[in-house]
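Below you'll find the structure, written out as structure tokens, and then a few comments.
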Amino acid sequence: MTSVAAGMLLVGALVALGVASSRLSSRLGLPVLVLFMGVGMAAGSEGLGRVAFEDYALASAVGTVALALILFNGGLQTPLASVRTAWRPALALSTVGVALTAGLTGLAAAWVLGIPLLHGMLLGGIVGSTDAAAVFSVLRSSGLRLPDRLGATLEVESGSNDPMALFLTVALTGLAAGTADSAGSLAMLFVLQFGVGAMVGAGVGRLASWVVGRAGLDAPGLYPVLAVAFGLVAFGGAAVLGGSGFLAVYLSGIVLGNGRLVFRRGTLLVLDATAWLAQIALFILLGLLSFPSRLLEVAPEGLLIALVLVFVARPLAVAASVVPFGFGARDVAFLSWGGLKGAVPITLATFPLLAGVPGAELLFDVVFFVVLVSALAQGWSLSAAARWLGIGRPAPPQPPVRVELHALRELDGDVVDYTVAPSARVAGQALRDLALPDGAAVTLVVRDGHIVVPRGPTELRPGDHVFVAVRSELQPLVDRLFDPDAATPPLAPGLAVEFPATSTLGQLHRFFGLPAPTWSERTLDESLDDGGPGLGPFVLGPGSEPGLVRLTVLEEGGQGGDDGELLQTVTSTESGDGGDREHGTPSSR
């Protein structure tokens, strides 16, 4: 009992120190993972705490579970649009990029350390991947908003490149230990890692989305537990079948997070806290596992290898992987500098130790030193690099309050918080002049830390935090009002959007980028009565309730061209009172 209590005291104290160090991290601009590892090193056998710990098997097991939770949370917070935008370059980086990085770094390691080429390649394979925990942590705390495709590529790469690194590490460890399988078995391992991992992850994610949406649980706290359970099923199921559990758990998180997740905000908060706890525990444990005296011994060689990795291997691998997809020189430079190393290489470095590879202790110490150099140099300066390259802009400030919609059943809507940008369409506009569709309403405005009750004359100013209750299908339209960079969204065929009959054609044109109407100050009600003049892209009809006018889409909307049009060809004949009345005409485009 005494030993258990002492262990709980030690764990609690270390976690509390890790959390406290996050405040210091934000002030110094250091990545939190560096400070978490620093706490572990300070508590280790050569630090102030004198805690002796050298259990590599336990560290590997804890690292695997922690990384699974971190990847699952990262997947939950990855929009499907980001995956669609970036999956091709991200896949190239996570396969070809990792292999090239590993090969070039391995050559340098063999020469610098004077070790066999096979052992050098093993070290290169261990440090070849970008670490998801490090990237998620640094990007989401950087205070920058990167271009969508660039940021998505880096995040998706970091979440999906672990299978390649794991394959290289397992294969090369087997060769170095003399226990490797045949070339055919290694090829099958490669196929299984990606194929089974992807199929299990997507399948479990779809199953989780269906089950969570229909579970009907009375206790809200059980929804995050159920989500985590499916994440563990995805990881374990893929691993048992020979696939990559890391890829599976990441994909299952993406699928689940992009569905209609019941108790979404509560689930995301709990999973975010779980991921933070896993990250703190993982990096503190890895810090305990290190020996500063051994790190100092390998510092000269480790620094040379880190320089080759950061300034030669990674940039060449990135250029070869993403240039074919139209990335420019500045994008390649940022992706190269964003190849942070973290917990994954250190966890993989335990594999040769557990397999009894000769010289594995040297490989572990060098890997640990390279990770520290990467985390300090790249993690500390990633935001500055983005600003220097001119590819990022300050992220909108966090709202001082949260308006959350907690539901234990599936709801087709949410409360979305927006920050009014100076160039947004709503900036300087009164609420009564906004063309908000029926199903969207401003519920709260926060300005300079004060609550402003929204009324018709309330003017929205740059920097205001505006909370809008909106149905899910209408959110892309409302996004266009507040985000100056929002792409023109397509509308699904048959979608009917209702607006107040008093809305004018000018409001629709001004806020949604529609073609200029013939009479901009005519109301929708007046246009409906006159057969819809100037509304070629639309089909007008009576709304479901008095005072509303329905605009119906009959053909799939396009992405819009330079003229900013929202819809392409739409035409129909609506049934009105007492007979048919034509409300739209075919577009000339």
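Derived scalar couplings between HN and Hα for segment 303-320 equal 5, 4, 5, 4, 5, 5, 4, 6, 9, 10, 5, 4, x, 5, 5, 5, 4, 5 Hz in order, rounded to whole Hz, by the Karplus curve 6.51 cos²θ - 1.76 cosθ + 1.60 (θ = phi - 60°), x for Gly and Pro. The H on the amide N of Ala501, modeled in the peptide plane, is under 5 Å from the matching H of Leu548, Val549, each at least 5 residues off or on a different chain. Pop the C-beta distance of Val65 and Leu376 into the FRET formula with R0 = 25 Å and round what comes out to the nearest 0.05. Once rounded, the FRET efficiency stands at 0.40. Amide H contacts of Arg145 (H built 1.01 Å from N, in plane; Pro and chain starts excluded): Arg393, Ala395 sit under 5 Å, all sequence-distant by 5 or more or on other chains.
The spacing between segment 266-309 and segment 149-213, judged by their C-alpha centroids, is 22 Å. With r as the distance between the Cβ atoms of Glu46 and Val96 and R0 = 60 Å, compute the FRET efficiency 1/(1 + (r/R0)^6) and round to 0.05. After rounding, the FRET efficiency stands at 0.90. Label positions at Arg393 and Met188, each projected 7 Å from the Cα along the C-beta direction, are separated by 5.4 nm. Here the Karplus relation 6.51 cos²θ - 1.76 cosθ + 1.60, evaluated at θ = phi - 60°, turns the backbone of segment 202-213 into coupling constants of 5, x, 5, x, 5, 4, 4, 4, 5, 5, 4, x Hz, with x for every Gly and Pro.
Model label sites at Ala329 and Arg461, defined 7 Å from Cα along the beta-carbon direction, differ in position by 4.4 nm. Here the label points at Glu54 and Arg432, each 7 Å from Cα along the C-beta direction, are separated by 7.8 nm in the simple model. Contact order, relative form, for segment 173-285: 33 percent (alpha carbon pairs under 8 Å, 6 or more residues apart, mean separation divided by residue count). A simple count of charges around Asp464, restricted to other residues whose Cβ falls under 12 Å of its Cβ and scoring Lys, Arg +1 and Asp, Glu -1, yields -1.
Derived scalar couplings between HN and Hα for segment 59-71 equal 4, 5, 5, 5, x, 5, 5, 5, 5, 4, 5, 5, 5 Hz in order, rounded to whole Hz, by the Karplus curve 6.51 cos²θ - 1.76 cosθ + 1.60 (θ = phi - 60°), x for Gly and Pro. Applying 0.36 nm per residue to the separation of Arg471 and Ala384 and subtracting their alpha-carbon distance, the gain on full extension is 27.5 nm. Whose amide H sits under 5 Å from the amide H of Leu340, counting only residues 5 or more places off or on another chain, with H placed in the peptide plane? The answer is Asp131.
How much length is gained on full extension from Met8 to Leu107, taking 0.36 nm per residue of separation minus their Cα-Cα distance?
Result for the pair: 31.2 nm of gain on full extension.
For Leu207 and Glu526, the FRET efficiency from 1/(1 + (r/R0)^6), where r spans their Cβ atoms and R0 equals 45 Å, is about 0.30.
We did not get these values from a lab; they are worked out from the coordinates using the rules stated. This one's a predicted model, so the numbers in the text were calculated from it and none came from an experiment. Reconstructed Cβ throughout: ideal geometry from the backbone, glycine too, with neighbour counts over all protein chains shown.
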